[in-house]
1. Please list, ordered by first then second residue, the pairs with beta carbon atoms under 7 Å, 6 or more apart or interchain, first in region 174-195 and touching a residue at least 60 places away in the same chain (Cβ under 8 Å) and over 29 Å from Ile145 (Cα atoms), second surrounded by 15 or more Cβ atoms within 10 Å (Cβ to Cβ) and not hydrophobic (A, V, I, L, M, F, W, C).
2. Go through (1) over 20 Å from Tyr15 (Cβ atoms); (2) in a helix (DSSP H, G or I); (3) in contact (Cβ under 8 Å) with a residue 40 or more places away in the chain and name the single condition Phe171 misses.
3. Would you confirm, using the coordinates I've provided, whether Phe148 is surrounded by 16 or more Cβ atoms within 10 Å (Cβ to Cβ), of a type in the set (A, V, I, L, M, F, W, C) and either out of contact with any strand residue (DSSP E or B) (no Cβ under 9 Å at 6 or more places or on another chain) or modelled with pLDDT under 95 (or both)?
4. Out of the residues in region 62-82 meeting the condition of being out of contact with any Cys (no Cβ under 9 Å at 6 or more places or on another chain), surrounded by fewer than 22 Cβ atoms within 10 Å (Cβ to Cβ) and under 30 Å from Lys135 (Cβ atoms), tell me which one is modelled with the lowest pLDDT.
5. If Ala22 passes every condition in (1) surrounded by 15 or more Cβ atoms within 10 Å (Cβ to Cβ); (2) at pLDDT below 90 but one, which one does it miss?
6. Scan region 157-184 for residues that are of a type in the set (Lys, Arg) and buried (at least 19 other Cβ atoms within 10 Å of the Cβ) and report the count.
7. For region 1-44, give me the residue count where each residue is part of a helix (DSSP H, G or I) and among the hydrophobic types (A, V, I, L, M, F, W, C).
8. Being of a type in the set (D, E, K, R) and farther than 15 Å from Tyr44 by Cα is the filter here, so list the residues in region 5-31 that pass it.
Amino acid sequence: MGIEMEKYMRLKEKYGAQASWAIWDNAPEGEEHTKKNVDGMDWYKKDESKLVKRLNDKYILVGLNCSEQDSKAGTWQNFHSTDKKKCRDHVLRYAIMGRKVEGSYITGKVEGSYITDLFKGIRKTKSGNVIGKMKKDDVECRRQIANFKKEIDLVSEKPVLIAIGGGVEWFLKKYCREYTIVKIPHYAAWQIPLEKYCKKCQEVFESLEERQ
């Protein structure tokens, strides 16, 4: 843990419209697997002095790019989508946030971590199009990576990068080798049942201490 208010405010000013934190408003008890309240922002708006105490600078979750529906988001709204039909941000919440499991409360190890996208300003929904574009345009790719490194340096000196999906993992392993990099499946993968997705994520999260 370790985000001070001054650092938090710098991140908010510079990246608040593009990034967020792995904290969500809770779904109603017994409905943690649903989309309810996933777009709620009380966790941020109620008391930022209390919020910073919940933030975690050991890990950064990294998506590929901001999708079209997320591009209109407000402060810290990315990864907390208001598009309830198209997005599956609730799946990421379910995998990360602490919750009751068989009567016991399990706290998520990466809860409170910074979440951002590797590539900014690319409003494509299909990841394959983004990957193809950035592999072809090496100059733009390296420019974006350089900006990404400046962003994460504001969060922490040497965080573990958690790639959300294989596409972003490929770029991180090629251009960000100085960091420890792990991967979780992308939460938009409809073919992975919710509980199976969470189990895969938890296996990665539990291995984080060993990898550092």
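1. Listed by first residue and then by second, the contacts come to Leu194/His33; Leu194/Tyr94.
2. Result: Phe171 passes all but (1).
3. Spelling it out, it is not the case that Phe148 is surrounded by 16 or more Cβ atoms within 10 Å (Cβ to Cβ), of a type in the set (A, V, I, L, M, F, W, C) and either out of contact with any strand residue (DSSP E or B) (no Cβ under 9 Å at 6 or more places or on another chain) or modelled with pLDDT under 95 (or both).
4. Once the filter is applied, the top-ranked residue is Ser71.
5. Every condition holds for Ala22 apart from (2).
6. Here the count works out to 1.
7. 4
8. If the condition is that a residue be of a type in the set (D, E, K, R) and farther than 15 Å from Tyr44 by Cα, then Glu6, Lys7, Arg10, Lys14, Glu29, Glu31 are the ones that fit.
The values are calculated or read from the model by the stated rules, or taken from the named source; none is laboratory data. What you are looking at is a predicted structure, and each value in this text was computed from that prediction instead of being measured. Cβ coordinates were reconstructed from backbone atoms using ideal geometry, including for glycine residues, and neighbour counts include every protein chain displayed.
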